[in-house]
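*Asks:* What follows is a single structure, and I will ask about it in a moment.
The values are calculated or read from the model by the stated rules, or taken from the named source; none is laboratory data. It should be emphasised that the depicted structure is a prediction, and the values quoted were computed from it without experimental measurement. When we count neighbours, we look across all protein chains shown, and the Cβ atoms used for this are built from the backbone with ideal geometry, even at glycine. The accessibility values were calculated without ligands, DNA or RNA, using every heavy atom of the protein model including side chains. Shrake-Rupley method; radii C 1.70, N 1.55, O 1.52, S 1.80 Å.
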Amino acid sequence: MSPKPTADTGPAVSLDPGDAFTLTVLGCDGSWPGPGGAGSGYLLQVGGNVIVVDAGPGTFATLQTIIDPVEVDAVVVTHHHSDHWTDLYAMDTQARFGRRRPPLPVYAPARVGELVGVGRTPMLDWRVVTHGSRAGVGEVSCAFHRTDHAEETLGVRVDGAGRTLGYSADSGPEWSLDELGSGLDLILCEATYTAEHEGTAGHMSGRQAGAAARAAGAKRLVITHRWPTIDAGAVAKEAEAAFGGPVEQATIGREFTL
Ligand SMILES: [Zn+2]
């Protein structure tokens, strides 16, 4: 069974500026989870809508310290690398044996469903997205843009509650955060390593992330996806120099209000 392309078109967004938009980090280690860490995962609570963006190893455990998973309205997975999706299995299994609920919509590139095995996850409702797709989750609109990373990796723009989040997913420097459009209140951008590692993998350094966010006119930059072997302070320092202002660092459990 193959996942079917999503028929969602958008944006059918009804913005309510009175509602809050929060981003809580469930995991932020790059490429593999470090000691006590977790792969990529972010909880978005936008008005009354709850979206999990990426479901890397270890993120589902943290999610359950914040909310009951039954409250999650949809999951977005940016690409097929394992540090961004393996806890989909835990979400599926918990829904089967822990607390039943209707199948959970999962928006992801086709390759993710192929690797996970759509038929192995009966509690997940797979919906294929690609470059240019939009998905509506309640009153929230998600728009997807292909980045500079392996195969098909999709950065995401999330609009809701009168606020806008831009997430780079994983990307090398040959992609511009501008692709996510203007008016981003907060950019969550990968900064996997320091400048001396530039060009060694399909990722950005702190310097490149800071420069990209500045070029995109970001009001606020949160860096994430650092390899556990890389010094956090060094990445932040070069990101701030390139951004021209303060940069915040994602850490597990940290909450950002847009
Ligand atoms: Zn990654």
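*Asks:* Considering only the range 187-205, how many residues are within 15 Å of residue 240 (Cα to Cα) and touching a residue at least 40 places away in the same chain (Cβ under 8 Å)? So that I can check it myself, show each step before the final result.
*Replies:* Here is the first cut: in the range 187-205, the residues within 15 Å of residue 240 (Cα to Cα) are 187-195, 204-205.
Next, only the ones that are touching a residue at least 40 places away in the same chain (Cβ under 8 Å) stay: 188, 190-195.
Residues flagged as within 15 Å of residue 240 (Cα to Cα) and touching a residue at least 40 places away in the same chain (Cβ under 8 Å) within the range 187-205 amount to 7.
*Asks:* Considering only the range 153-165, state which residues are open to solvent by 40 Å² or more (accessible area, probe 1.4 Å) and under 15 Å from the mean Cα position of the chain (by Cα).
*Replies:* The one that is open to solvent by 40 Å² or more (accessible area, probe 1.4 Å) and under 15 Å from the mean Cα position of the chain (by Cα): 157.
*Asks:* Look at residue 76 and say whether it is free of Cβ contacts under 8 Å to residues at least 40 places away in the same chain, out of contact with any Ser or Thr (no Cβ under 7 Å at 6 or more places or on another chain) and open to solvent by less than 20 Å² (accessible area, probe 1.4 Å). Talk me through it step by step, then tell me what you get.
*Replies:* Values: free of Cβ contacts under 8 Å to residues at least 40 places away in the same chain: no; out of contact with any Ser or Thr (no Cβ under 7 Å at 6 or more places or on another chain): yes; open to solvent by less than 20 Å² (accessible area, probe 1.4 Å): yes.
No, not satisfied.
*Asks:* Kindly establish whether residue 120 is over 25 Å from residue 190 (Cα atoms), more than 16 Å from the ligand (Cβ to nearest atom) and in contact with a helix residue (DSSP H, G or I) (Cβ under 6 Å, 6 or more places away or on another chain).
*Replies:* No, not satisfied.
*Asks:* Which one of these does residue 240 not meet: (1) buried (at least 16 other Cβ atoms within 10 Å of the Cβ); (2) within 15 Å of the ligand (Cβ to nearest atom); (3) modelled with pLDDT of 95 or more; (4) over 23 Å from residue 46 (Cα atoms)?
*Replies:* (2)
*Asks:* Identify, please: which residue in the range 192-207 is part of a loop (DSSP other than H, G, I, E, B) and either within 14 Å of the ligand (Cβ to nearest atom) or open to solvent by less than 10 Å² (accessible area, probe 1.4 Å) (or both) and is, among those, nearest to residue 250 (Cα to Cα)?
*Replies:* Residue satisfying both the conditions and the ranking: 192.
*Asks:* Looking at the structure I just gave you, is residue 145 under 26 Å from residue 74 (Cβ atoms), more than 16 Å from the ligand (Cβ to nearest atom) and either touching a His at 6+ places or on another chain (Cβ under 9 Å) or assigned to a helix (DSSP H, G or I) (or both)?
*Replies:* yes
*Asks:* Hey, any hits in the range 210-221 for a residue that's in contact with a strand residue (DSSP E or B) (Cβ under 7 Å, 6 or more places away or on another chain), within 14 Å of the ligand (Cβ to nearest atom) and not hydrophobic (A, V, I, L, M, F, W, C)?
*Replies:* Within the range 210-221 (the criterion being in contact with a strand residue (DSSP E or B) (Cβ under 7 Å, 6 or more places away or on another chain), within 14 Å of the ligand (Cβ to nearest atom) and not hydrophobic (A, V, I, L, M, F, W, C)), the answer is no, since none of the residues qualifies.
*Asks:* Restricting the search to the range 79-103, which residues are among the hydrophobic types (A, V, I, L, M, F, W, C), away from the ligand (no atom under 16 Å from the Cβ) and open to solvent by 10 Å² or more (accessible area, probe 1.4 Å)?
*Replies:* Keep residues of the range 79-103 that are among the hydrophobic types (A, V, I, L, M, F, W, C), which gives 85, 88, 90-91, 95, 97.
This time we only want the ones that are away from the ligand (no atom under 16 Å from the Cβ), so: 90-91, 95, 97.
Result: 90, 91, 97.
*Asks:* Scan the range 211-238 and report the pairs whose first residue is at positive phi and whose second residue is of a type outside the set (A, V, I, L, M, F, W, C) and away from the ligand (no atom under 16 Å from the Cβ), with Cβ atoms within less than 9 Å and a gap of 6+ or a chain change.
*Replies:* Cβ pairs passing all conditions: 217/178; 217/182; 217/183.
*Asks:* Restricting the search to the range 53-73, which residues are closer than 16 Å to residue 123 by Cβ, away from the ligand (no atom under 16 Å from the Cβ) and touching a residue at least 24 places away in the same chain (Cβ under 8 Å)?
*Replies:* 60, 63, 68, 69, 70, 72, 73 - these are the residues of the range 53-73 that are closer than 16 Å to residue 123 by Cβ, away from the ligand (no atom under 16 Å from the Cβ) and touching a residue at least 24 places away in the same chain (Cβ under 8 Å).
*Asks:* Hey, does the range 180-191 have a residue that's of a type in the set (Val, Ile, Thr), part of a loop (DSSP other than H, G, I, E, B), at pLDDT 95 or above and touching a Lys or Arg at 6+ places or on another chain (Cβ under 9 Å)?
*Replies:* no
*Asks:* I want to confirm something. Restricting to the range 173-183 and keeping residues that are open to solvent by 10 Å² or more (accessible area, probe 1.4 Å) and out of contact with any Asp or Glu (no Cβ under 8 Å at 6 or more places or on another chain), which single residue is farthest from residue 131 (Cα to Cα)?
*Replies:* Step one: list which residues in the range 173-183 are open to solvent by 10 Å² or more (accessible area, probe 1.4 Å), which gives 173-176, 178-179, 181-183.
Keeping just the survivors that are out of contact with any Asp or Glu (no Cβ under 8 Å at 6 or more places or on another chain) gives 176, 178-179, 181-183.
Numbers: 176: 14, 178: 15, 179: 11, 181: 14, 182: 18, 183: 20 Å.
Once the filter is applied, the top-ranked residue is 183.
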